[in-house]
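Here the structure is laid out as structure tokens; the discussion comes afterwards.
The values are calculated or read from the model by the stated rules, or taken from the named source; none is laboratory data. Quick caveat: nothing in here was measured; it's all calculated off a predicted structure. Here Cβ is always computed from backbone atoms with ideal geometry, including for glycine, and neighbour counts include all displayed protein chains.
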Amino acid sequence: MPNIGVIGCGYWGPNLIRNFHSLGRCKLLMCSDTIGDRLEFLRSQFPTVQVTQDTEEILRSPRIDAVAIATPVATHFGLAKEALLHDKDVLVEKPMTTSTRQAEELVELAQLRRRVLMVDHTFVYTGAVRKLKELLLKRDLGELYYIDSVRANLGLFQRDTNVLWDLAVHDVSIIDFLCESLPVSVSAVGACHINDGIENVVYLTAFYENNFLAHVHVNWLAPAKVRRMLLCGSKKMAVYDDVEPSDKVKVYDKGVEVPPDPEAIRQARVQYRVGDMYAPCLDSAEALKRVTSHFLDCIETHAKPLTDGEMGLRVVRVLEAADISIHNGNRKVFLPKMGSVARTRAVQQAG
């Protein structure tokens with residue numbers, strides 16, 4: 001039974017603590033935060049857990065086998081690197097780092113030390129996204145043409161990062177999980193309406209092989225909360241609306257069919273197909289509970305996490321390329337070819 005330390009007890013840390021504590025598969029030994037009031041609250045909720053304002057106490061403790069890092073993104077690299085150097089398995093919040101170079105270093109270090117490096121891309125573990133993956137694996141949607149995603153709300157404005165790294169990281173990780181490939185190129189445009197130099201609205205387009213296209217719109221300055229993703233396939237289409245209290249995924253038997261006759265194609269004579277809609281049953285388990293349980297599974301079996309360091313690297317690579325594009329007039333930024341990423345086995349292990 002591994003001993004766990006949690007670093008960072010602000011917004012997300014207590015959720016990690018609650019889930020680790022409820023699993024009964026590990027010993028939650030220590031939590032750290034720089035703000036004493038947060039630690040006092042945790043002490044009242046989990047009296048058996050040792051609390052400290054000294055992060056080094058967790059990183060250097062020989063009693064701690066693994067750490068979960070829920071601190072501001074700028075600190076992820078330094079904390080994760082030190083934890084790996086102390087031979088601890090690591091679960092780190094999204095995005096894994098603030099640069100591709102840092103992400104590459106963590107991936108290489110985890111491989112060298114033979115430690116688990118996992119990124120908490122929580123949406124990948126939701127019942128809705130897992131169902132979309134199942135539909136794609138079964139070819140129910142056919143060939144995927146495009147994904148169009150919108151994630152918008154009024155706030156929360158950040159002081160140290162833009163909306164791309166705050167919100168688009170979710171959509172990019174979901175698309176990476178669903179498509180199992182890295183885009184060929186990325187372009188993006190953004191605007192700063194509130195704070196100079198910090199984009200509060202961004203439109204990101206990722207171009208893939210085989211004419212597949214992914215588009216992501218993220219926005220801190222919207223009148224209503226929107227979390228909607230549209231998947232268009234050659235057979236069917238699907239809508240994932242995370243704001244919906246139920247029926248978050250709906251599958252539509254809609255599309256167009258073009259006769260094989262070249263003349264018909266030239267004249268754009270298409271036939272529209274309008275069929276039924278159905279909402280598949282979804283796993284209602286809390287995504288973060290699945291994240292923490294999967295992390296413990298990987299520690300015990302030395303399995304490759306579903307959202308491992310390499311996935312974290314790919315997500316950071318796309319975000320970094322989009323940032324470069326924004327600051328270079330929407331210029332296309334080409335990404336190095338990394339090939340297909342098969343992870344069906346990892347999906348089954350996380351099941």
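One table, with the values for the structure above:
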quantity	calculated
Top-ranked residue in region 185-229 [being among the β-branched types (Val, Ile, Thr) and out of contact with any Phe, Trp or Tyr (no Cβ under 9 Å at 6 or more places or on another chain); ranked as nearest to ARG151 (Cα to Cα)]	VAL226
Evaluation of SER187 against (1) more than 14 Å from the chain's Cα centre (by Cα); (2) under 13 Å from ILE326 (Cα atoms); (3) surrounded by 23 or more Cβ atoms within 10 Å (Cβ to Cβ) (one fails), failing number	(3)
PHE177 being touching a His at 6+ places or on another chain (Cβ under 6 Å), at pLDDT 95 or above and part of a helix (DSSP H, G or I)	no
Selection status of THR34, of a type in the set (Ser, Thr, Tyr), assigned to a helix (DSSP H, G or I) and under 30 Å from VAL107 (Cβ atoms)	no
Test result for MET229, in contact (Cβ under 8 Å) with a residue 40 or more places away in the chain, farther than 21 Å from TRP165 by Cβ and either touching a helix residue (DSSP H, G or I) at 6+ places or on another chain (Cβ under 8 Å) or assigned by TED's automatic domain parsing to the domain that holds ARG273 (or both)	no
Strands (runs of 3 or more DSSP E) contained entirely in region 235-318, each with at least 2 residues that are within 30 Å of MET1 (Cα to Cα) and modelled with pLDDT under 90	none
Test: residue in region 104-115 that is among the charged types (D, E, K, R) and buried (at least 19 other Cβ atoms within 10 Å of the Cβ)	yes
Test: residue in region 182-199 that is touching a residue at least 24 places away in the same chain (Cβ under 8 Å) and under 24 Å from LEU135 (Cβ atoms)	yes
Strands (runs of 3 or more DSSP E) wholly inside region 65-156 containing at least 2 residues that are out of contact with any Gly (no Cβ under 7 Å at 6 or more places or on another chain), more than 21 Å from ARG317 (Cβ to Cβ) and outside the structural domain of PHE177 (by TED's automatic domain parsing)	66-69
Selection from region 28-49 of residues that are touching a residue at least 12 places away in the same chain (Cβ under 8 Å) and either of a type in the set (Asp, Glu) or crowded, with 17+ Cβ neighbours inside 10 Å (or both)	LEU28, LEU29, MET30, CYS31, SER32, ASP33, ARG38, LEU39, LEU42, PHE46, VAL49
Residues of region 190-204 classified as in a strand (DSSP E or B), out of contact with any Asp or Glu (no Cβ under 8 Å at 6 or more places or on another chain) and surrounded by fewer than 21 Cβ atoms within 10 Å (Cβ to Cβ), total	4
Tally of residues being farther than 23 Å from SER293 by Cβ and surrounded by fewer than 18 Cβ atoms within 10 Å (Cβ to Cβ) across region 57-80	7
